[in-house]
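J.: Before we start, here is the structure in question, set down as structure tokens.
The values are calculated or read from the model by the stated rules, or taken from the named source; none is laboratory data. None of the values given here were measured: they were computed from a predicted structure. FYI the Cβ positions are ideal-geometry reconstructions off the backbone, even for glycines, and counts take in every protein chain you see.
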Amino acid sequence: MDEAVIFLSRLQFALTNIFHYFYPPFSIGLGVFLVISEGIYMKTKKLLWLQITRFWIKVFALTFTIGVATGIPMEFQFGTNWANYSRYVGDVFGSALAAEGIFAFFLESGFLAILVFGSGKVSPRFHYFSTIMVCLGAHFSAVWIVIANAWMQTPAGFEVVMGPNGMRAEIVDFWAMVFNPSSMIRLTHVIMGCWLAGAFFVLSVSAWYILKNKYTDFAKSSMKVALIIAVVISLLQMFVSGDKSAEIVHKYQPAKFAAMEGHWKTGAADMTIIGYIDESAGETKGIKIPGLTSFLIDFDASLPVIGLDSIPVNERPPLQITFQSYHIMISTGVTLILLSLLGCFLWWRGKLYSARYVLWMFVFSVFLPVIANTAGWITAEVGRQPWIVQGLMKTADGVSPNLSSDQLYFSNILFFILYLMLFIVFIYVLNNKIQHGPEPLDEIDTKSSLIKLPQRIREILDSKRRNKY
């Protein structure tokens, strides 16, 4: 197989994935925020929380729409660019993608119209139920996508048999495939990253409003909820799911783990705080803490860890990208923890809303979860190379056999232009929504939809409700 075809096929999937993955974390995180904010409204009946909910529903609908538009082409690439892969593991991988469509997409999209347009047309309880269903649908979508990807990292529940077109992997235990060794902890890690993306999205917009002295009650209330989510989840992300994820990688993907840590010689592993891999010298240079990586794995600073010297050169992943993306993810995660703790401390002291330098930090913090999530996916996918399915199929063997480099050059350029245009549209529409701001409280009618009904129709509906009860 032509090396250029392999590289360009990988580049195309990476390009579309990075552009696409900008949106789903915001949708999933905002879904959680909407469930909380509308739940507070249902409990307190304060119009402020209805105002908050309605504003973020509009933003949620925007991110969901662009997320769907950018996500669908990725699935077609399994047929166009990765036909050999699809032919070999389609029985396994396809079942997870089918489950995503059946259990997630239909649930999410089925209730989305009620979420966006149903306020006042359905009962408040059913509207809240729809909000919960849309939130769950977004999460279920992530569940099946992550399970499919986790199977590629730690395959289980299958056997290789002779099919009509050659050898292929078939499921023999569906639940073993679903609960493969890395699926649940990877899912937890990804979902927490999405919750952080949503929380810091809300924090960013809220901080902007406070700095501009606009919609301050709306912004302060939104910020409180988002800040609580940010503190709790950032700590859990780093010290629970992140730590456990590293242990799973150490156990099942030693080559990836050695590349992530820049660990060359089998033995006790140091932790590199900041540095780079010098492949020509066969060492990692930088600031290190002796034995810390071994200690974090099993509370034993002398625990032997497989190094790159024990892994054949042709089975090592690209070292510099894996090492640097992993450390970018970690450093960004630490920044999120520190920033959220700082915000909570100032909130407790009653100084948060007057600390302009901190508010500006929150305005730009919206990029941090995006960077962390993207760096995490790069670590996971590049670190698995040269395998497309760990220990089962190499990436070079999964590419479609009839592709040419000219086709891929053209399609890469085309995809980049289209996805960039969608991103520009997203930013333009999002900016308009933020500049417009939430509905004024004195214009909110709890019995109207997001599009206000004429006064006479509202009076008739109110009369019918009173007669009914």
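J.: When the residues of the stretch 232-263 are filtered to those that are surrounded by 17 or more Cβ atoms within 10 Å (Cβ to Cβ) and of a type in the set (Val, Ile, Thr), which remaining residue is nearest to Trp195 (Cα to Cα)?
T.: Ranking the candidates gives Ile233 first.
J.: I've got another one for you. On the given criteria, is Leu408 of a type in the set (A, V, I, L, M) and outside any loop (DSSP other than H, G, I, E, B)?
T.: Considered against the rule, which asks whether it is of a type in the set (A, V, I, L, M) and outside any loop (DSSP other than H, G, I, E, B), Leu408 comes out as yes.
J.: Within the stretch 36-46, is there a residue that is outside any helix (DSSP H, G or I), surrounded by fewer than 19 Cβ atoms within 10 Å (Cβ to Cβ) and over 22 Å from the mean Cα position of the chain (by Cα)?
T.: Yes, because at least one residue in the stretch 36-46 is outside any helix (DSSP H, G or I), surrounded by fewer than 19 Cβ atoms within 10 Å (Cβ to Cβ) and over 22 Å from the mean Cα position of the chain (by Cα).
J.: Out of the residues in the stretch 240-272 that are in contact (Cβ under 8 Å) with a residue 40 or more places away in the chain and assigned to a loop (DSSP other than H, G, I, E, B), state the one that is nearest to Ile36 (Cα to Cα).
T.: Gln253
J.: I'm told Ala301 meets every condition in (1) assigned by TED's automatic domain parsing to the domain that holds Met361; (2) of a type outside the set (Asp, Glu); (3) buried (at least 16 other Cβ atoms within 10 Å of the Cβ) except one. Can you identify the failing condition by its number?
T.: (1)
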